[in-house]
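Inspection log for the structure reproduced underneath, given as structure tokens.
The values are calculated or read from the model by the stated rules, or taken from the named source; none is laboratory data. All figures in this text were calculated on a predicted structure; none of them were measured in a lab. With ideal geometry, Cβ positions are generated from the backbone for all residues, glycine too; neighbour counts draw on all protein chains shown. What goes into the accessible areas is simple: the full protein's heavy atoms, side chains included, and nothing from ligands, DNA or RNA. Shrake-Rupley method; radii C 1.70, N 1.55, O 1.52, S 1.80 Å.
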Amino acid sequence: MIDPFGRHISYLRVSVTDRCDFRCIYCMAEQQTFLPRAELLTLEELERLCGAFIAKGVERIRITGGEPLVRRNVIWLIERLGKRIGDGLKELTLTTNGSQLARFAAALRAAGVRRINVSLDTRDPEKFHAVTRRGDLNKVLAGIDAAQEAGLEVKINMVALRGLNEDEIVPMMEWSHGRGMDLTLIETMPMGEIDGDRVEQYLPLSVVRARLQERFALDDIDFRTGGPARYVRVRETGGRLGFITPLTHNFCESCNRVRLTCTGTLYMCLGQNDAADLRQVLRAGNDDRILSAAIDEAISRKPKGHDFIVDRRHNRPAIVRAMSLTGG
Ligand code: SAM
Ligand code: SF4
């Protein structure tokens, strides 16, 4: 699949649920309304859709959410997709908040998953509870232990939050690198309706990087994981540190991905509202050629780039759907 700007689309992110057992302050409102279950694609439908994308050249699939591991029977889907590794699919990965990881780590590995991302913004139990509004840090840490024991490569994702975890970036990096895990820092993106003020949360990673450089030698490296992160090697720890900077650096030129939601809506760009309804096509019949044509039509609409503009007059984000719908 080649889009109008010559970009090769080989990466599909699949959000298998919009539900979550956390309510992270930058992602959701405290009283988040979730989709009625009837709106969701079944796991069989998700498998068929993923199969159609693999047939069209998708080589990497990342399962995300909401919290993917709270979707009932999600392991069935992961196992089915795992069987496609080597048969079109090169890699199957997962992004999780880690709360259920202790239970699922071994099954994920057995299904063919080799790398996972675990989101962890703080290692202070009280702050963790405050940022996630309900999470138990110990469960997540136990999940990370279980994942490493099961032989999964773990990368930690940390959203940089002004005044909240700024002082934890260095300890998080030293802890991650000490355990052989990469750390990626993420800037908050203005998506979804949350309760707090996003401008207050926003901490530019250019500032973080400048501060880190006062203490550490950061060498730019070419390492890429197929995502938008740019990596440096930290000389003092020997570990890798990634930066995802959607607001201070435009990463659209090399965008190779599209995002499927749990309702079968395909978003061609995280930072735009345009989408294609593949559920309707999927449910209209079993002809995969029609599905394939609908995917082609959607890819032909992939925009050049995003513009995360905050609608200041109404103090609302330009992208009203939450990150939990498209999975980041
Ligand atoms: N629940 C899983 C998790 O937290 O890892 C997967 C879905 S979550 C939406 C995927 C990633 O998006 C997480 O690393 C999370 O921190 C990040 N995220 C959520 N809302 C965000 C926002 N507004 N800006 C930047 N990153 C965000
Ligand atoms: Fe849930 Fe992940 Fe959003 Fe946090 S960031 S509320 S864990 S979906």
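Overview of results
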read-out: Failed item in (1) over 18 Å from the mean Cα position of the chain (by Cα); (2) within 13 Å of ligand 2 (Cβ to nearest atom); (3) crowded, with 18+ Cβ neighbours inside 10 Å; (4) assigned to a helix (DSSP H, G or I), with residue 173 passing the rest; value: (2)
read-out: Residue match in the stretch 208-226 (condition: part of a loop (DSSP other than H, G, I, E, B), within 18 Å of residue 169 (Cα to Cα), within 16 Å of ligand 1 (Cβ to nearest atom) and at pLDDT below 95); value: no
read-out: Scope the stretch 20-35; condition over 14 Å from residue 326 (Cβ atoms) and surrounded by fewer than 21 Cβ atoms within 10 Å (Cβ to Cβ); matching residues; value: 21, 23, 24, 29, 30, 31, 32, 33, 34
read-out: Every residue from the stretch 147-170 that is assigned to a helix (DSSP H, G or I), open to solvent by 20 Å² or more (accessible area, probe 1.4 Å) and farther than 30 Å from residue 210 by Cα; value: 148, 149
read-out: Filter result for the condition that a residue is charged (D, E, K, R) and at pLDDT below 95, over 91, 44, 39; value: 39
read-out: Where a residue in the stretch 160-182 is of a type outside the set (A, V, I, L, M) and its partner, wherever it lies, is open to solvent by less than 10 Å² (accessible area, probe 1.4 Å) and at pLDDT below 95, with Cβ under 6 Å and at least six apart; value: 162/203
read-out: Hey, residue 107 more than 16 Å from ligand 1 (Cβ to nearest atom) and open to solvent by less than 20 Å² (accessible area, probe 1.4 Å) or not; value: no
read-out: Residues within the stretch 257-282 that are exposed (fewer than 13 other Cβ atoms within 10 Å of the Cβ) and free of Cβ contacts under 8 Å to residues at least 24 places away in the same chain, tallied; value: 1
read-out: Only listed residue being modelled with pLDDT of 95 or more, within 30 Å of residue 190 (Cβ to Cβ) and among the aliphatic types (A, V, I, L, M), chosen from 54, 63, 78; value: 63
read-out: Unique residue being buried (at least 23 other Cβ atoms within 10 Å of the Cβ), within 16 Å of ligand 2 (Cβ to nearest atom), of a type outside the set (S, T, N, Q) and modelled with pLDDT of 95 or more when the list is 16, 70; value: 16
read-out: Residues that are free of Cβ contacts under 8 Å to residues at least 12 places away in the same chain and either within 16 Å of ligand 1 (Cβ to nearest atom) or on the phi < 0 side of the Ramachandran plot (or both), drawn from the stretch 3-54; value: 31, 33, 36, 37, 38, 42, 44
read-out: The stretch 184-236, subset more than 16 Å from ligand 2 (Cβ to nearest atom), closer than 16 Å to residue 162 by Cα and open to solvent by less than 20 Å² (accessible area, probe 1.4 Å), residue farthest from the chain's Cα centre (by Cα); value: 212
read-out: Given (1) part of a helix (DSSP H, G or I); (2) open to solvent by 30 Å² or more (accessible area, probe 1.4 Å); (3) not aromatic (Phe, Trp, Tyr), index of the condition residue 180 fails; value: (1)
read-out: Where residue 284 falls short, out of the listed (1) closer than 21 Å to residue 10 by Cα; (2) at pLDDT 90 or above; (3) away from ligand 1 (no atom under 16 Å from the Cβ); value: (1)
read-out: Residue among 321, 316, 289, 257 that alone is at pLDDT below 95, among the basic types (Lys, Arg) and farther than 26 Å from residue 93 by Cα; value: 316
